[in-house]
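Below is one structure; the comments refer to it alone.
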Amino acid sequence: MTAPAPRTGPLSSLRVIEFAGIGPGPFAAMMLADMGADVIRVDRTRSGKTLETDGAHPDLLNRGRRSVALDLKSEDGQRTALELVAGADMLIEGFRPGVMERLGLGPQVCLARNPRLIYGRMTGWGQSGPQAAYAGHDIDYIAISGALYGFGRRDEPPVPPLNLVGDFAGGAMMLAFGLVSAALETRDSGKGQVVDAAMVDGAAVLTTAIHALRNRGVWTDDRGVNLLDTGAPFYEVYECADGKFVAVGAIEPQFHRVLTDLIGLEENGGGVESEADRMDPAQWPARKQQWSALFRTKTRDEWCALAERSDGCLAPVLDWKEAPHHPHLAHRQTFVEHAGVVQPAPAPRFSRTPGQIQRPAPHPGEHTDTILTELGLTSPATP
């Protein structure tokens, strides 16, 4: 048996059992694995071949962990799963409420077996409430939280921001934060607990700043007319002469002045405006037309050569292939190549205990025999 490679990172003392799912659960597990946690992914057994080792698995969300394949509907599979849980610090599951209980692996059973266990539950609607038993997706969860309403331009429908706000920011990151927070408390109390991470809750928390602006009377409920939602000319995306785009975020007056000087707004018909005029929403539509016309006179890279490395708060809108090669990201190694695949590097960074991609994504069941042998368990019967 080959000994597992040593893990590095601030969470290297933790063991996590992840019951295979999709989206936010795997991303939360990936974050923990990137920070050094020993994450064991429990995959389902499948009829026929369960072990495929023709190169790394392509799903980058599953990076950093090992995989054991179990039939959780069988007594042997459930018994083995409980043995894994008994030696774990955390558990992650992303099923509908009640599924883990029906499998005999609910919080009551697992915490009885391991009183220090942090039991992480990832759902869209949460473990309770009128919608809890029903299906949904990221777009539904951010819709009822109010978050989706704010994405879009004036007089146009809301635009889904991929699935980044619900699945990953409001879901996975909140779950990871909850798990680590609970683990810190367990060090003092010696007791585990359940972390109920719901995307509706997380997405709502993410909108706190907008609620604060509404509370101050500086944000209206109309979409696409406010400071940060493409209403202001100085916080917008503009098309350039080559059909590519630049992003402008020159909100503060000193940064606005740097940008307008660099791009020559005043001498190109922009005129001189007072700070009161600059912040007057009634003047923004006309100003945006002036800015749009100006940015169409040069290519994206020409504008970036003028203003990107300045306090003008201008950046190129890069596509998926371009982003890893941007000089700043290349310098910071924000993207790395691992197992032959370019992918985002772990974040955030630590000065003394840096995280890293611990291993490529496993194929289902790739480490079953190794893991069970480490734990002194026998391999459950597989179909």
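Looking only at residues of the stretch 118-171 that are surrounded by 17 or more Cβ atoms within 10 Å (Cβ to Cβ) and of a type in the set (Asp, Glu), we find that the one that is farthest from the chain's Cα centre (by Cα) is 140.
All of 360, 346 fail the test of being part of a loop (DSSP other than H, G, I, E, B) and open to solvent by 30 Å² or more (accessible area, probe 1.4 Å), apart from 360. Of the conditions (1) over 23 Å from residue 36 (Cβ atoms); (2) modelled with pLDDT of 95 or more; (3) surrounded by 17 or more Cβ atoms within 10 Å (Cβ to Cβ), residue 308 fails just one. Which one is it? With (1) over 23 Å from residue 36 (Cβ atoms); (2) modelled with pLDDT of 95 or more; (3) surrounded by 17 or more Cβ atoms within 10 Å (Cβ to Cβ) applied to residue 308, the lone miss is (2). Going by what's in this entry, would residue 181 be described as under 21 Å from the mean Cα position of the chain (by Cα), among the small types (Gly, Ala, Ser) and either surrounded by fewer than 17 Cβ atoms within 10 Å (Cβ to Cβ) or at pLDDT below 95 (or both)? Yes. If you go through the stretch 252-270 and pick out every residue that is in a loop (DSSP other than H, G, I, E, B) and surrounded by 14 or more Cβ atoms within 10 Å (Cβ to Cβ), you end up with 2.
Residues in the stretch 197-251 that are small (Gly, Ala, Ser), open to solvent by less than 60 Å² (accessible area, probe 1.4 Å) and outside any loop (DSSP other than H, G, I, E, B): 8 in all.
Which of the residues spanning the stretch 31-40 are outside any loop (DSSP other than H, G, I, E, B) and open to solvent by less than 20 Å² (accessible area, probe 1.4 Å)?
Within the stretch 31-40, 32, 33, 34, 38, 39, 40 meet the criteria.
Among the residues of the stretch 177-195, which ones are among the hydrophobic types (A, V, I, L, M, F, W, C) and touching a Phe, Trp or Tyr at 6+ places or on another chain (Cβ under 8 Å)? Selection gives 194, 195.
The residues of the stretch 147-196 that are in a helix (DSSP H, G or I) and small (Gly, Ala, Ser), listed by number, are 150, 166, 169, 170, 171, 172, 176, 178, 181, 182, 183, 189.
Determine, yes or no, whether residue 65 is under 30 Å from residue 164 (Cα atoms), surrounded by fewer than 19 Cβ atoms within 10 Å (Cβ to Cβ) and touching a residue at least 24 places away in the same chain (Cβ under 8 Å). No.
What about residue 151, is it in contact (Cβ under 8 Å) with a residue 60 or more places away in the chain and more than 25 Å from residue 368 (Cα to Cα)?
Numbers: in contact (Cβ under 8 Å) with a residue 60 or more places away in the chain: yes; more than 25 Å from residue 368 (Cα to Cα): yes.
Spelling it out, residue 151 is indeed in contact (Cβ under 8 Å) with a residue 60 or more places away in the chain and more than 25 Å from residue 368 (Cα to Cα).
I'm trying to understand the selection: among the residues of the stretch 275-331, which are assigned to a helix (DSSP H, G or I), among the basic types (Lys, Arg) and closer than 17 Å to residue 247 by Cα?
So the first thing to find is which residues in the stretch 275-331 are assigned to a helix (DSSP H, G or I), and the list is 275-278, 281-295, 300-307, 323-325, 327-331.
The next check asks that each one be among the basic types (Lys, Arg); those that pass are 278, 287-288, 300.
Scanning the stretch 275-331 gives 287, 288, 300.
Every condition in (1) without any contact (Cβ under 8 Å) to a residue 40 or more places away in the chain; (2) in contact with a strand residue (DSSP E or B) (Cβ under 9 Å, 6 or more places away or on another chain); (3) among the charged types (D, E, K, R) is met by residue 288 except one, and the failing one is (1). Is it the case that some residue within the stretch 83-106 is open to solvent by 10 Å² or more (accessible area, probe 1.4 Å), farther than 25 Å from residue 11 by Cα, among the small types (Gly, Ala, Ser) and in contact (Cβ under 8 Å) with a residue 40 or more places away in the chain? The answer is no, given that none of the residues of the stretch 83-106 is open to solvent by 10 Å² or more (accessible area, probe 1.4 Å), farther than 25 Å from residue 11 by Cα, among the small types (Gly, Ala, Ser) and in contact (Cβ under 8 Å) with a residue 40 or more places away in the chain. For the stretch 41-62, filtering for residues that are modelled with pLDDT of 95 or more, open to solvent by 10 Å² or more (accessible area, probe 1.4 Å) and more than 20 Å from residue 357 (Cβ to Cβ) leaves 0. If you go through the stretch 271-305 and keep only what is of a type outside the set (A, V, I, L, M, F, W, C) and surrounded by 17 or more Cβ atoms within 10 Å (Cβ to Cβ), you end up with 278, 287, 288, 298, 300.
The values are calculated or read from the model by the stated rules, or taken from the named source; none is laboratory data. Because the structure is a prediction, the values reported are computed rather than measured. All Cβ positions, glycine included, derive from the backbone under ideal geometry; neighbour counts span all protein chains shown. The accessibility values were calculated without ligands, DNA or RNA, using every heavy atom of the protein model including side chains. Shrake-Rupley method; radii C 1.70, N 1.55, O 1.52, S 1.80 Å.
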